[in-house]
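The structure appears below as structure tokens.
The values are calculated or read from the model by the stated rules, or taken from the named source; none is laboratory data. Predicted model, so just to flag it, every value in this text is computed and none were measured. So basically every Cβ, Gly included, is an ideal-geometry build from the backbone, and we count neighbours across all protein chains shown. SASA here: full protein model, heavy atoms, side chains in, ligands and nucleic acids out. Shrake-Rupley method; radii C 1.70, N 1.55, O 1.52, S 1.80 Å.
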Amino acid sequence: ALNELDILGADIQNAFLTALSKENVWIRAGPEFGPEEGTVFLVTRALYGLKSASASFRAFMAEKLDNMGFKSSYADPDVWLRAATKADGEEYYEYVLMYGDDILALSIDPRAILVDIQTSFKFKNDKIEPPSSYLGARLQEKEINGRKCWTMTSVDYVNATIKNVEKTVEGTRWKLPTKAGTPMMSNFVPELDGTPELDEKDLTFYQELIGILRWVLRSDE
């Protein structure tokens, strides 16, 4: 983060269970419930596996952040911002980045933000600390041109992806080139391509590769 802002992160423990369920769900207890077997229970918490569990947790977290004065960004609803002022009178924005149970706070005093959030949510091992990674990308604090800033690189994600792709294509008709200067051959003419269409499995794999490339290019912008 530029502008002399610091970054701290935390993970929410049992994130979905902190929120009330948005569905009306009941279960009939099985033998694992002991003497309660056969009893009908109403599910009040957003249990993992419910279709609305993720939405329930996000709505609960959104309510907390809204009460703290943060507003969801139009560009990304999981990026929250709040106007703040530095000690010297300079105005800036504090940010909270949410992805599932992962939280990043960017501010002059990010700990104060996370401590406030912690009053409603329990953090794993009660830890609030500088992040080393986020969404698979490596984060590092560096000094560039005399200014401290945080940088993001997808090198770890790319290395893990390459190993996964190599394992996936092993024993198939697909072969990875030992060297490739461009994603496609310069003489490739798609309108004349007569290779067979992908089956459902290969189509899913192709879509996964496109998603991976989009994430890598975005994280290294």
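Among the protein heavy atoms, those of PHE188 account for about 80 Å² of accessible surface (1.4 Å probe, every chain in place). Taking a quarter of the surface of the Cα convex hull of the chain gives a mean projected area of 20.1 nm².
Roughly speaking, what % of Cα-Cα pairs in segment 107-221 are separated by over 21 Å, rounded to a whole number? When every Cα pair of segment 107-221 is considered, 61 percent fall beyond 21 Å.
Taking all protein chains together, ASP102, ASP66 sort by accessible area into ASP66, ASP102, largest first [probe 1.4 Å].
All Cα-Cα separations within segment 66-105 were binned at 10 Å from zero, giving a P(r) of 29, 51, 19, 2, each value a whole percent of the pairs.
Give the Rg/Rh ratio for segment 136-189, taking Rg as the radius of gyration of the Cα atoms and Rh as the Kirkwood radius, to two decimals.
Reported Rg/Rh (Cα atoms, Kirkwood Rh): 1.20.
Calculate log10 I(q)/I(0) of segment 29-159 for q = 0.14, 0.22 Å⁻¹, where I(q) comes from the Debye formula with a single equal point scatterer on each Cα and nothing for solvent. One equal scatterer on each Cα of segment 29-159 leads to -0.81, -1.47.
Report the calculated FRET efficiency for ILE108 and VAL155 (r = Cβ-Cβ distance, R0 = 35 Å), to the nearest 0.05. Taking R0 as 35 Å, the efficiency between ILE108 and VAL155 is 0.75. Could you please state, rounded to a whole Å, how far the C-alpha centre of segment 180-197 is from the C-alpha centre of segment 79-106? Using only Cα atoms to place each centre, the spacing works out to 46 Å.
Each Lys or Arg adds one and each Asp or Glu subtracts one; over the other residues with Cβ under 15 Å from the Cβ of ASP102, this totals 0.
Among VAL115, VAL96, the sequence by solvent-accessible area, most first, with a 1.4 Å probe is VAL115, VAL96. Estimated purely from DSSP H runs of n ≥ 4, each contributing -39500 (n - 2.57), the mean residue ellipticity at 222 nm for the chain is -8500 deg cm²/dmol once divided by its residues.
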